[in-house]
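Heads up, the thing below is written out as structure tokens.
Taken together, the values in this text are just the output of simple stated rules run on the coordinates, not laboratory data. The structure presented is a predicted model; accordingly, all values stated were derived computationally and were not measured. So basically every Cβ, Gly included, is an ideal-geometry build from the backbone, and we count neighbours across all protein chains shown.
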Amino acid sequence: MEYATLNNGIKMPMAGIGTFLLTPDEAEASVLSALQCGYRLIDTANAYVNEKAVGRAMRKSGISRDEIFLETKLWPSFYEQEDAVEKTLERLDTDYIDLLLIHQPAGNYIAGYRLMEKAYKAGKVKAIGLSNFTAEQIKEILSVCEVKPTILQTEVHPYFQERELKDFLQKEGIVIQAWYPLGHGDKALLEETTFTKLAKKYGKSNAQIILRWHIQAGNVVIPGSKNPAHIRDNFDLFDFSLSEEEMADIEALNQDKRYYTSTPELLKKYVEMVPPVDTQK
């Protein structure tokens with residue numbers, strides 16, 4: 001395993017399991033499978049409505065809590081609820097969260113950030129960060145925060161490399177974490193000749209080449225899967241390295257192509273949406 005060191009000194013695994021779009025049963029099975037394969041980073045969110053399942057998988061694994069890096073995200077409709085972090089801890093059945101993020105730059109996200117700072121100072125959260133924020137929105141947070149964000153979780157993959165944003169984050173000491181690290185399963189991306197050639201050379205899959213590129217580029221990755229074989233493969237990334245020339249070949253694939261686009265209308269919907277967190281399995 002390789003690690004990123006966050007700006008508060010916390011070490012975070014470079015590869016983990018994501019649980020976006022997984023039902024509680026799927027999330028529980030996937031997280032348990034991942035932990036048994038050696039994963040130690042788990043990503044979930046209020047909005048995924050599977051936090052209880054993630055907590056169950058952690059307990060079932062028998063792995064000591066302090067060996068697991070647990071990450072979750074506050075949803076906009078909870079930013080102004082004083083007990084939002086406490087309720088999140090209860091659902092996960094844990095005393096602390098390793099990394100807590102503001103999920104979307106929607107609604108009163110400054111209030112949400114203040115909640116996270118309070119939880120951080122109380123020792124309930126080990127690190128805090130942001131998700132889906134632009135550079136301008138991050139600058140706003142930096143201008144008012146007492147505790148600096150450690151991570152930005154956002155869309156990054158070979159077709160959308162976010163170089164300018166990464167340069168800005170690097171100057172601020174903020175690590176980038178990639179969701180959709182494999183480009184949302186885009187066949188054109190996955191079957192790029194560059195990846196096929198490298199996969200053959202290293203005895204890996206195209207997906208493993210892409211994930212290895214991310215890690216060497218400094219992007220923490222959280223690919224999601226409910227397939228045990230894919231879960232295993234997505235973690236088998238630490239026995240080879242790409243050369244500088246090979247990294248450059250992948251960098252040349254950038255198209256500034258997004259699969260997710262945020263709009264004011266979408267952000268407004270997020271504020272109005274209340275995930276059924278209390279009734280989840």
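Hey, what number do you get for the chain at 222 nm if only DSSP H runs of n ≥ 4 count, each worth -39500 (n - 2.57), divided across all residues, to the nearest 500?
So the helix-based figure for the chain works out to -12000 deg cm²/dmol.
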### Query
Roughly how many whole Å is it from the C-alpha centroid of the stretch 212-281 to that of the stretch 17-53?
15 Å
### Task
Please tell me the relative contact order of the chain in percent, rounded to the nearest whole number, where contacts are Cα pairs under 8 Å and at least six residues apart.
21 percent
#### Entry: Cross-link pairs beyond the 27 Å C-alpha cut-off, checked among 73/121; 11/257; 148/226; 11/73
11/257; 148/226
## Note on the structure
Mean Cβ-within-10 Å packing, highest first, puts peptides 264-271, 103-110 in the order 103-110, 264-271
### Query
Using the Cα atoms as the points, what is the convex hull volume per residue of the stretch 1-160 in Å³?
116 Å³
### Message
Could you work out how much longer the chain between residue 191 and residue 281 gets when fully extended? Use 0.36 nm per residue separation minus the Cα distance between them, nm to one decimal.
### Response
28.7 nm
### Candidates per chymotrypsin sites (Phe, Trp or Tyr not before Pro) in the stretch 57-88, loop by DSSP, up to 16 other Cβ within 10 Å
none
### Task
Could you work out how far apart the two model spin labels at residue 60 and residue 11 are, taking each label as a point 7 Å from the Cα in the direction of the beta carbon, and quote it in nm?
2.9 nm
### On Cα atoms only, tilt of 24-37 relative to the major axis of the chain in degrees
60 degrees
### Query
With springs only between Cα atoms under 10 Å, which of 64, 225, 33 fluctuates most in a Gaussian network model of the chain?
64
### Task
Add +1 for every Lys or Arg and -1 for every Asp or Glu among the other residues with Cβ under 12 Å from the Cβ of residue 26, and state the total.
0
### Query
Angle, helix 109-121 long axis vs. longest principal axis of the chain, Cα atoms, 0 to 90°, nearest 10?
90 degrees
#### Entry: Cα-projected label distance for residue 257 with residue 241, points at 7 Å along beta-carbon direction, nm
3.1 nm
### Message
Tell me the angle of helix 193-202 to the major Cα principal axis of the chain, expressed in degrees between 0 and 90 and rounded to the nearest ten.
### Response
80 degrees
### Query
When the Cα centres of the stretch 55-89 and the stretch 125-192 are compared, how far apart do they sit, in Å?
21 Å
